[in-house]
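This report refers to the structure that appears directly beneath it.
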Amino acid sequence: MPLIQIPQPWQLPERSITPESAFVNRRRFLKSLVGASIGASALALGGCRQPLSDDDIDADLRKTLGQPLRSQANLDFVEAEPPITPQVYASTYNNFYEFGSTKGIWPQAQKLPTDDWKVEVSGLVKNPRTYDLDDLRQQFPLEERVYRFRCVEAWAMVIPWIGFPMRLILEAAAPTPAAKFVRFTSFYDSQLTSGPAWPPSAYMPWPYTESLTVPEMANDLAFFAVGVYGRTLPKQHGAPIRMVVPWKYGFKGAKSVVKIEFVKEQPATFWHTLSPNEYGLVSNVNPEISHPRWSQKTERILGQGTNPFDWEKQETLLYNGYGEYVAELYA
Ligand code: MTE
């Protein structure tokens, strides 16, 4: 339970909802971008691209990419609609409360120290291990996944992540039968990640934690990203390694993960501790379950209008459109 009832600053302001009259046809807009010289910055930064080709991947990541980049196993996951969100928008409109509660935290997030990163895998497992980034890249071949991304605040994007399925870490760890849940912990250092001025950081249950069940983590869609748009993950996206769980609301994907613990009981998590009625422990994307303060029936796609912060509205899909792969987890 939260220590105090805090006004929720992540509530979407009315002004972010694009009026019906401002909507443009997405495909018409994209065609116009291709033909027009305006896109220079957005396109150069990755706007409107189809899934990445091997040439798009930077040399550092390419060294450890699985061959081929898009294996048969992940073909299903690279065809998300609508087209990929231009990188310039995805990388400047972020939630990373360790660095503040506005969407424009990308300059502050550059303070995140990512050298000598370690990820501890522990708890109820046969093979506890602490990985550094080289270990992770050598052991788990990288692949690309283009996933829809749906924030609980009802904005959405389509992002080309690079990383590896979470189940590979799970298989290497070999959880014991007693392990039922997994707790993921983000980097936290009160000197560097001072949190937002409002709500007061002192009342937030740092470090940021999230959880999955063991079968959720074992699902092939659950992913650890170390790159995005063909580059090493930028700090504001949760460098050097963050969770991507595309059928759940975005807050279930902890950034800058330092610890993965297999545990017996459902662990407490950051947002659920702050506001349990608003941020459930399961939090699968579901148009029929409203957030207490707004409907989840529709979502606003970032960067699909005539300027970066125009939004196009579309229907929310159950499990964010991934029911075919995950519904059986909840049968
Ligand atoms: N992880 C940490 N450590 N701190 C955060 O504040 N915000 C979550 C999630 N993971 C958050 C986090 C929320 S609310 C969302 S919507 C996504 O990160 C946003 O990811 P993005 O900024 O890369 O789009």
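The values are calculated or read from the model by the stated rules, or taken from the named source; none is laboratory data. The structure displayed is predicted, hence computed values, not measured ones. Positions of Cβ are backbone-derived with ideal geometry, glycine not excepted, and every protein chain shown enters the neighbour counts. The area values use the complete protein model at the heavy-atom level, side chains included, leaving out ligands, DNA and RNA. Shrake-Rupley method; radii C 1.70, N 1.55, O 1.52, S 1.80 Å.
Worth a mention:
- Within a straight-line Cα-Cα reach of under 17 Å, residue 248 can be paired with the following lysines, leaving aside sequence neighbours fewer than 8 residues apart in one chain: 297.
- Paramagnetic label zone (point 7 Å from Cα along Cα-to-C-beta, residue 275; backbone N under 13 Å) in the stretch 134-178: 152-154
- Charge tally in the Cβ shell below 14 Å around residue 105, where Lys, Arg are +1 and Asp, Glu are -1, residue 105 excluded: +3
- Kirkwood analysis of the Cα pair distances in the stretch 240-307 returns a hydrodynamic radius of 14.2 Å.
- Treating r as the C-beta distance of residue 102 and residue 297 and R0 as 25 Å, the FRET efficiency rounds to 0.40.
- Separation of the residue 111 and residue 132 label points, Cα + 7 Å toward Cβ, nm: 2.6 nm
- Net charge of Cβ neighbours under 9 Å - reference residue 298; Lys, Arg +1; Asp, Glu -1: +1
- Rounded accessible area of residue 242 (nearest 10 Å², 1.4 Å probe): 10 Å²
- Cross-link partners of residue 103 among lysines (Cα-Cα below 18 Å; sequence separation of 8 or more within a chain): 111, 235, 252, 255
- Accessible surface ranking that places the most exposed of 272, 291 first, with a 1.4 angstrom probe: 272, 291
- Here the peptides 245-258, 91-104, 219-232 are ranked by packing, the mean other Cβ count within 10 Å, and the order with the highest first is 245-258, 219-232, 91-104.
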